Amino acid sequence: MKQVLIVGGGKGGTALFNLLQETRRMNIKAVVDLDLTAPAIQLAKNARIPVSANWKDWIFDDVDIILEATGVESVLDEIIDIRPRKTVVVPGSVANIISELLYEKEFLVEKVKSQANRLELILNHIHDGMIVIDKNEKVELLNKRAERILNKKENDYKGKHIYDLLPSSRLPNVLKAQRKELNQKTILDNGKKVISTRIPIISKTGDLVGAFAVFKDITEVVKLAEENTDLNEIKTMLEAIIKSSDEAISVVDEKGNGLIINPAYTRITGLTEEDVIGRPATVDIAEGESVHLKVLETRRAVRGVHMKVGPHNKEVIVNVAPIIVQGKIKGSVGVLHDVSEIQLLTKELKRARQIIRNLEARYTFDDIIGSSSEMKLALEQAKVGAKTPAIVLLRGESGTGKELFAHAIHNESDRKHNKFIRVNCAALSESLLESELFGYEEGAFTGAKTGGKKGFFEEANGGSIFLDEIGELSLTMQAKLLRVLQEREVVRVGGSTPISIDVRVIAATNVNLEKAIMNRSFREDLYYRLNKLPITVPAIKERLSDLPELIQHIIHKMNNEYGRNVGRISTKATEQLTKYHWPGNVRELENVVSRAMIFMDNTEEVLDVKHLPNMISNKQEDVSVSVTTDEDIMKLQDALDNYEKQYINMAFQRCNKNKTKTAKELQISVRNLYYKLDKYNLE
């Protein structure tokens, strides 16, 4: 296959590009033009063919033919002087001739197509059915209306005898008699009644060319008449449904004028039917743009638009969908939601979630993702621990999922029907933490509630309490917690009467407790009390085999939250994520994947490397300089030059020695790259 370089991206270059794209014997190596916005350059980019502003980058790169389409003689002369002997150079004059011929051909073809399309468009839009046959009684045309009446397709019968399409057809009789048959009532083979007119087609010279029939389905007319009798009843029923809805609804016609509103709409906006019906869709807008008009223009539904409506500037969220009948836009229907009501419901929902968050464990062992040996070991230990009343100590780096284990252990235990209380020991001050954990008596301190308050241990009686970040407790709080664990009773702040409790304790920390004991920041006796059943939750770097499964789980979760439709992650993106060290573990992984999904287009279904954050996707191969002995130590500038040489060479090789692409990747000018390549002798 011949390798072709096109020099010039204008009219001639574009014509040559289109011509070469249609042949299999030649391959376009690259397209070159000083103007990187030229038409041929854009076509090459769309076809993923390399482009450049300098033909000298490509002339020695296995090019068999150079098509010079700039029309500049100096460029042609320079190419001829520099090009290798084996390379054939075709001058711009030839390219221009080819261009003119191609454009003339395209113009004539488009003209013929336009006339044929116009005729076909007219025939397919007439309300009557039409059949055309040639003088040999074979079907030449069956328009769309005829297809619907006969319930047959033109492609199945074109070129076949008319009797194959319609055995009862009288068109052959019209051909033989060469006489018209006007307004003849006929019953078709499918039982439909039609009024048909049949006319022979005779040329100007008197030759018989064929015949055609035009027919109207009168059964459809009867059906329409029957349907019209119910039209008012249907309209009344539709209006009753809309007006009885608690959702605020407005309907406009294809011109954007108001058709219907309901009482809920009046209640939210303050506008009546007299204010809206027959008036433009913008009449109710106080702040924002008309969503109705946008939907009528784009024919696509729009959801979740914030705007203000009515004389009182009521803040609402609007969803609008087009009304399309048989492919034609007939109007749009909008539903308005009062933001204040939504905010109230959201507040109540958050409050309910907070209550549930404090009292229930949401996750089970089925929610913990991972099939690596390290994760399997942790899960087996947790399942064993769940069946015992022993204290469980969850250890591991931040973000590994220790809280999920705590939820699952509670839900697997015989206490699963009782409360599950979660406490972040690092989030509360020492004084506040004590009163929250152990409760307080009335008058214990300024602001104390009348009658006192139960602590978390009392609230969790019969259930489980999860003490997260337990390594952050002060020594004073450690001593008080140790007493509760030993005596199984609490004393409220400001009180003196012990209160017996039956609570399963699950603790978690990312602190090295052994080192903390040596530093005297953690009590050794509390350590032994907590460390009865230690479970280490592995970090991502210790279970990289679980990474694809974790990513897919996060994608599914984010799809539900963001309303996306991402199906999977590409292999290259997974490999890139595997190379990262993940100091934040699963929490950081979820952050990276969700951030990537946020910036994906709604139509994209595959998460790729380009969507990943820069800290992940721009991670290059390590280029290191090692020093083994004292004699190897060099000057700092020499070391920097050596590193720069290795790094540029690595990038040059990755870009297949394409200088323009390499310069772009390194974010330096091509001229600077030439200098560096020459300096380090890398060519």
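The values are calculated or read from the model by the stated rules, or taken from the named source; none is laboratory data. Computed from a prediction, not measured in an experiment: that's the story for all the values here. As a convention, Cβ positions derive from the backbone with ideal geometry for all residues, glycine included, and neighbour counts pool all protein chains shown. All accessible areas refer to the heavy atoms of the entire protein, side chains included, with ligands and DNA or RNA removed. Shrake-Rupley method; radii C 1.70, N 1.55, O 1.52, S 1.80 Å.
Brief remarks follow.
- Whole-number D in µm²/s for the chain (Stokes-Einstein; Kirkwood sum over Cα pairs; 10 °C, 1.306 mPa s): 45 µm²/s
- Heavy atoms of LYS160: accessible area, 1.4 Å probe, square angstrom to 10: 100 Å²
- Pairs from the list LYS152/LYS193; LYS387/LYS454; LYS138/LYS180; LYS29/LYS657; LYS235/LYS294 with a Cα-Cα gap above 22 Å: LYS387/LYS454; LYS235/LYS294.
- Scalar couplings 3J(HN,Hα) for region 485-501, obtained by applying the Karplus form with A = 6.51, B = -1.76, C = 1.60 to θ = phi - 60°, are 5, 6, 8, 6, 8, 10, 10, 5, 4, x, x, 9, 8, x, 10, 5, 9 Hz; x denotes Gly and Pro.
- Carbon + sulfur, % of accessible area of the chain - ligands and nucleic acids excluded, 1.4 Å: 50 percent
- Backbone geometry of region 428-442 corresponds, through the Karplus equation with coefficients 6.51, -1.76 and 1.60 at θ = phi - 60°, to 3J(HN,Hα) couplings of 10, 5, 4, 5, 5, 4, 4, 5, 6, 6, 9, x, 8, 8, 4 Hz, x marking Gly and Pro.
- Simple point charges give the picture: +1 on the Cβ of Lys and Arg, -1 on the Cβ of Asp and Glu, and for the chain a dipole about the Cα centre of about 1820 debye.
- Coupling constants for region 395-401 follow from the phi torsions by the Karplus curve (6.51 cos²θ - 1.76 cosθ + 1.60, θ = phi - 60°), and in residue order they are 10, x, 5, 5, x, 7, x Hz; glycine and proline get x.
- Over 31 Å (Cα to Cα) - which of LYS144/LYS243; LYS610/LYS635; LYS153/LYS176 fall in this group: LYS144/LYS243; LYS610/LYS635
- Packing-based order for 392-400, 257-265, 606-614, using average beta carbon neighbours within 10 Å, highest first: 392-400, 257-265, 606-614
- Computed over protein heavy atoms with a 1.4 angstrom probe, the accessible surface ordering of THR603, THR662, largest first, is THR603, THR662.
- Accessible solvent surface per residue of the chain, calculated while the other protein chains remain in place, 1.4 angstrom probe, Å²: 59 Å²
- With all protein chains modelled, accessible area of HIS161 [1.4 Å, Å²]: 60 Å²
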